[in-house]
Amino acid sequence: MARVALVTGGSRGIGAAISKALQADGCTVAATYAGNDEAAAKFTEETGIKTYKWNVGDYESSAAGIAKVEEELGPIDIVVANAGITRDAPFHKMTPQQWQEVIDTNLTGVFNTIHPIWPGMRERKFGRIVVISSINGQKGQFAQVNYAATKAGDLGIVKSLAQEGARAGITANAICPGYIATEMVMAVPEKVRESIIGQIPTGRLGEPEEIARCVSFLASDDAGFINGSTISANGGQFFV
Ligand code: CAA
């Protein structure tokens, strides 16, 4: 039977490429989005992938949304916690609001996405969890105290869940994308972006599909012995 996959932030950017890759693998995919109705409708029209709107930063909305997905598509086997935002500012200018918004979406949002699905995975003795962290959670980044903190925290979530879920057939892994050609990276001032590209040995930004292929592998039945790992896909910009 086709596996059911949930991809948060799955209708745009890296998330859209992940949703399409999992669909191509034979999964029934649900893609969530936070606000852009137009992009979500266009995505569904183009791909046939169902989209669901909720704020991953809110536990009750996440739990209700997940219950609806499971009612419509069946129990969720694969979770890709991808939804993420930036609110970049040098630390001396960063506001508590910029801190909190990023924490709510990128860190608490990962908890809110996995927690309601976890008991079912434990019962069914199967689960694949993939969290999209970032190179900047590994190395830090100027103007991203908030973002880097959440992305480093996401790695802690994965490493802990990997230990808790292993006996129940659940794996949890992270991918740390480097700079990928998405709206998020294109929003970085051009001069800064050019200097970042100069730091990437491959000499270019990554493509969303290059991250999606990593997810596809980690989500597959074949990847059962890979648990608690972090795949860095960054064109050689940073090694750990
Ligand atoms: N390293 C060192 N210095 C930097 C810098 C960097 N990466 N980026 C900016 N600066 C410097 C500037 O040159 C400037 O210095 P001067 O004052 O001496 O000229 C100073 O820091 C910026 O000061 P401003 O007061 O002008 O800063 P600002 O309030 O206008 O903020 C900014 C500008 C938000 C920092 C902007 O430069 C920016 O967006 N930088 C990019 C941050 C970044 O890389 N974000 C990653 C987004 S993509 C992503 O997050 C996806 C992923 O996972 C990889």
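Values computed for the structure shown
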{"read-out": "Top-ranked residue in region 28-56 [being out of contact with any helix residue (DSSP H, G or I) (no Cβ under 9 Å at 6 or more places or on another chain) and in a loop (DSSP other than H, G, I, E, B); ranked as surrounded by the most Cβ atoms within 10 Å (Cβ to Cβ)]", "value": "ASN36"}
{"read-out": "Test set (1) open to solvent by less than 20 Å² (accessible area, probe 1.4 Å); (2) farther than 20 Å from GLY10 by Cα; (3) not charged (D, E, K, R) - VAL110 fails condition number", "value": "(2)"}
{"read-out": "Leading residue by the ranking (farthest from the ligand (Cβ to nearest atom)) among those in region 163-192 that are touching a residue at least 12 places away in the same chain (Cβ under 8 Å) and in a helix (DSSP H, G or I)", "value": "ALA168"}
{"read-out": "Single residue of region 137-150 satisfying the filter (assigned to a helix (DSSP H, G or I) and open to solvent by 10 Å² or more (accessible area, probe 1.4 Å)) that is nearest to the ligand (Cβ to nearest atom)", "value": "TYR147"}
{"read-out": "Within region 209-227, tally of residues that are away from the ligand (no atom under 11 Å from the Cβ) and open to solvent by less than 20 Å² (accessible area, probe 1.4 Å)", "value": "5"}
{"read-out": "Single unsatisfied condition, ALA83 versus (1) within 15 Å of the chain's Cα centre (by Cα); (2) closer than 13 Å to TYR147 by Cα; (3) away from the ligand (no atom under 16 Å from the Cβ)", "value": "(3)"}
{"read-out": "Meets criteria (over 17 Å from THR32 (Cα atoms) and β-branched (Val, Ile, Thr)) for THR105", "value": "no"}
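The values are calculated or read from the model by the stated rules, or taken from the named source; none is laboratory data. Quick caveat: nothing in here was measured; it's all calculated off a predicted structure. Neighbour counts are summed over all protein chains in view; Cβ atoms, including those assigned to glycine, are modelled from backbone coordinates with ideal geometry. Accessible surface areas use protein heavy atoms only, side chains included; no ligands, DNA or RNA. Shrake-Rupley method; radii C 1.70, N 1.55, O 1.52, S 1.80 Å.
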